[in-house]
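Undergrad: Starting off with a structure, shown below.
The values are calculated or read from the model by the stated rules, or taken from the named source; none is laboratory data. These numbers come from a predicted model, not from an experiment. Here the Cβ is made from the backbone with ideal geometry for all residues, glycine too, and neighbour counts use every protein chain on show.
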There are 2 protein chains.
Amino acid sequence: MNDTPLLSKDPHTIAMALLGRTPLFSAVSKETLNTLAAGALLRRYDRDAPLFQAGDQPEYLHLLVHGSVQLNAGTPDGREAVVELLHPIDTFIMAAVLTSQPYLMSARAVEPAQVLLIPARLLLAELKTNPELALTLLGSMAQQYRHMVREIKDLRLRTASQRLAVYLLHLVENAGSDQARLPCDKKLLAARLGMTPESLSRAISELRRHGVNVRGDEVRITDLQTLHEFCRIDQLLDTLEQDLKVMLPGEKQVQE
Amino acid sequence: MNDTPLLSKDPHTIAMALLGRTPLFSAVSKETLNTLAAGALLRRYDRDAPLFQAGDQPEYLHLLVHGSVQLNAGTPDGREAVVELLHPIDTFIMAAVLTSQPYLMSARAVEPAQVLLIPARLLLAELKTNPELALTLLGSMAQQYRHMVREIKDLRLRTASQRLAVYLLHLVENAGSDQARLPCDKKLLAARLGMTPESLSRAISELRRHGVNVRGDEVRITDLQTLHEFCRIDQLLDTLEQDLKVMLPGEKQVQE
């Protein structure tokens, strides 16, 4: 890893630009952004480099600026599961930072990554006097909580093949076509979906009957209707929520 | 269900006493408690009565005062899973209330229950001018988020028998002995642990070899060391966090 103290370059150009692009801080005043940017570090990680280990004490709020990072859960005997795959600009491990509790998950760069690190002490000091920031973070924590509830519903109520089908459906819908490319290798995809590589191969074969073909990293929907029925799409569970905020009286939630 | 508007009795005696017993509001000023108590309702539910359905718009923050409530996730085709079993004094569906988003789960009384309902509009109006309340709720949301991360780790990394073993171990430890009673029937326990009643029966049989005996609703640990080894207890994952709060500079987290 490789630290770039932002102050040695131009904090207002680099860190302010990065924070300004972060949905989480879009409603935060320029003064607050200045304070947070002044102490921030930009850190680069090589592919496969660890960012932190479960059990470590949190020192920074992490903003993924570039690349891809996975959050892993592991057991003392070495079993491991990918809980989340992060993409720019995701904020992560906010709950640990806010409560000064050890990380519950480990993080690793899946591809070369850049992360903006905001010192926890700076964020917490700013929170003490900045009610606007507290409300912004409260909205973000609520959204992250709801995301985890959806993950649990998905794990509890869907088979491995259905989870893969939903994933592929979203991938193709986001590409705005009936085709898309897998964004990561199959080993990582299997880990993310909570199955072994062998189960993923079986699920891919099974899905041919349900309207989707995967060859190498190419995904093609052959029968959208059949696929929808197989997934049992549930609007409440399967519609992604973005940029939720605390709904103070007189405000309106904007869903993107 | 049966509404008791607290104002028709003595709001300061009843609602203030209930809110005062709620860990969530322990750091909130008496003025804020007064405001919240003034509009609160005390509602009674019979066994099996629904509190709300997934998809409903949230009108109240719920505090379980008495009895037991389960949060369920379901699919359009009728599959259902118990995501959480609540006990007094748990606060629930805070994320939906704060962001004015539909409930992701349904709630049902497992035994006769009393719930204190705090109108969402009152809570949100108070949040607008009360930074102390925002920080209190932020700590609570962070704790709830971490609870969900632990659930996901548990679902992804443990077998059904291991999840049952951890549950029984906690039950007996909380009773402060080597014996305890199951607090709910086996059908509900199976649903809570994410398995069928048949799998639960098999898991109970399997656990005899691993140091725990279940007969009817009586649980007895026969070999603590063997049971610990089977569960692969992980301090980080398996130690319950309570009453976390946002750690402003100069404060100390108190773990109970």
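Undergrad: Report yes if residue A:97 is buried (at least 19 other Cβ atoms within 10 Å of the Cβ), within 27 Å of residue B:159 (Cα to Cα) and β-branched (Val, Ile, Thr), otherwise no.
TA: Details: buried (at least 19 other Cβ atoms within 10 Å of the Cβ): yes; within 27 Å of residue B:159 (Cα to Cα): no; β-branched (Val, Ile, Thr): yes.
Here the answer is no, as residue A:97 does not meet what is asked.
Undergrad: When the range A:76-87 is examined, which residues are found to be more than 8 Å from chain B (Cβ to nearest Cβ), at pLDDT below 90 and under 16 Å from the mean Cα position of the chain (by Cα)?
TA: A:82, A:84, A:85, A:87, listed by residue number.
Undergrad: If you scan the range A:89-135, which residues turn out to be more than 22 Å from residue A:30 (Cβ to Cβ), free of Cβ contacts under 8 Å to residues at least 60 places away in the same chain and not polar (S, T, N, Q)?
TA: A:90, A:92, A:93, A:95, A:96, A:97, A:98, A:102, A:103, A:104, A:105, A:107
Undergrad: Can you tell me which residues in the range B:110-122 are crowded, with 19+ Cβ neighbours inside 10 Å and within 10 Å of another protein chain (Cβ to nearest Cβ)?
TA: Listed by number, the list holds a single entry, B:120.
Undergrad: Scanning the range B:239-254 for residues that are of a type in the set (A, V, I, L, M, F, W, C) and within 29 Å of residue B:154 (Cβ to Cβ), which turns out modelled with the lowest pLDDT? Walk me through it before giving the result.
TA: We begin by selecting, within the range B:239-254, every residue of a type in the set (A, V, I, L, M, F, W, C); these are B:240, B:244, B:246-248, B:254.
From what is left, the residues that are within 29 Å of residue B:154 (Cβ to Cβ) are B:240, B:244, B:246-247, B:254.
Working: B:240: 64, B:244: 72, B:246: 77, B:247: 76, B:254: 53.
Checked the range B:239-254; the qualifying residue modelled with the lowest pLDDT is B:254.
Undergrad: Just to be sure, is residue A:107 of a type outside the set (Ser, Thr, Tyr), within 11 Å of chain B (Cβ to nearest Cβ) and in a strand (DSSP E or B)? Walk me through it before giving the result.
TA: On the way: of a type outside the set (Ser, Thr, Tyr): yes; within 11 Å of chain B (Cβ to nearest Cβ): no; in a strand (DSSP E or B): yes.
No; evaluated as a whole, the condition is false for this residue.
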